[in-house]
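Worksheet for the structure shown next.
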Amino acid sequence: MPIRSSPFFFNMESSAMLSLLRHTTGNSTDTKHSKKSSGSIGGGVLKMFKLLPMLSSGCKMVNLLSIGHRKPLLKDFATTGTIFGFRKGRVFLAIQEDPHCLPTFIIELPMLTSALQKEMASETVRIALESETKTSRKKVLEEYVWGIYCNGRKIGYSIRRKNMSEEEMYVIDALRGVSMGAGVLPCKNQHDQEAEGEMTYMRARFDRVIGSKDSEALYMINPEGSGHGTELSIFFLRSH
């Protein structure tokens, strides 16, 4: 999708954001070469996320991933990103410096889990969050009110969580030993499961790029491994 086709990306054409977008372009070239040879783990994770409608908590995927691993399976300086939500509910995005730490950023996106799974059918998924705050005293990820865009289309507004709910804390704690993967968690509350379906999740490692004090981006890391598929990028921008 051309960048200028969206008012959001048109407004984002600052030197900082263009540098972040060039980072994606550069990575796509490298990714093409890696796909020919060995593919990517990240793409495989997203493929698993697309299959979630066919999975159930009976598969115990999270248990298999976490057995014997109360520390991250892959330990490095990558940022951990988790997308989770009830099958019939909205999607949450959580960012952690380490799977053992509480999220530094968590927000409920104005988007249904089923809608995001459909977006995953494309080769590239870009989720962008734009803050219209006029001050730069805070770090960009410390802002509260965000306009949310998915692949260039504005889907609504959201407010960053100041405190996690009991359900959100349950998910983060359950995935403490998981570095990457996708699956289904049994719901803590039986009533929620009956009303909104099971809790689905996708977790991956991201390369964090700081364009300026007003812009950051997360690019899903695709190390050599298995399969290839969708590329996922998450942008944060504070416009003035």
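Which Cα, out of 187, 177, 215, lies furthest along the positive dipole direction of the stretch 88-240 (beta carbon charges, K/R +1, D/E -1)?
215
Using a simple charge model, +1 on the beta-carbon of Lys and Arg, -1 on the beta-carbon of Asp and Glu, nothing else, what dipole does the stretch 79-238 show about its Cα centre, in debye to the nearest 20?
Computed charge dipole of the stretch 79-238: roughly 480 debye.
For the stretch 79-238, just say rounded, prolate or oblate: build the C-alpha gyration tensor, square-root its eigenvalues into a ≥ b ≥ c, call rounded for a/c under 1.5, and beyond that prolate if a/b exceeds b/c, oblate if not.
Cα axes put the stretch 79-238 in the rounded bin.
Describe numerically, in nm with one decimal, the distance between label points set 7 Å from Cα along Cα→Cβ at residue 161 and at residue 210.
With each label placed 7 Å out from Cα toward Cβ, I get 2.5 nm.
So, with +1 on the Cβ of K and R and -1 on the Cβ of D and E, and no other charges, what is the size of the charge dipole of the stretch 120-185 about its Cα centre, to the nearest 20 debye?
360
Going down the table (88/118; 154/188; 118/213), which pairs top 21 Å between alpha carbons?
Pairs exceeding 21 Å: 154/188; 118/213.
If I model a spin label at residue 170 and residue 104 as a point 7 Å from the Cα along the Cα→Cβ vector, what separation in nanometres do I get?
For residue 170 paired with residue 104, the spin-label model returns 2.9 nm.
Which percent of the accessible area of the stretch 84-240 is formed by carbon and sulfur heavy atoms (probe 1.4 angstrom)?
50
The values are calculated or read from the model by the stated rules, or taken from the named source; none is laboratory data. Keep in mind that what you see is a predicted model, and the values were worked out from it rather than measured. Cβ atoms come from the backbone with ideal geometry, glycine included; neighbour counts cover every protein chain shown. Just so you know, the surface numbers come from the protein's heavy atoms only, side chains and all, with ligands and any DNA or RNA stripped out. Shrake-Rupley method; radii C 1.70, N 1.55, O 1.52, S 1.80 Å.
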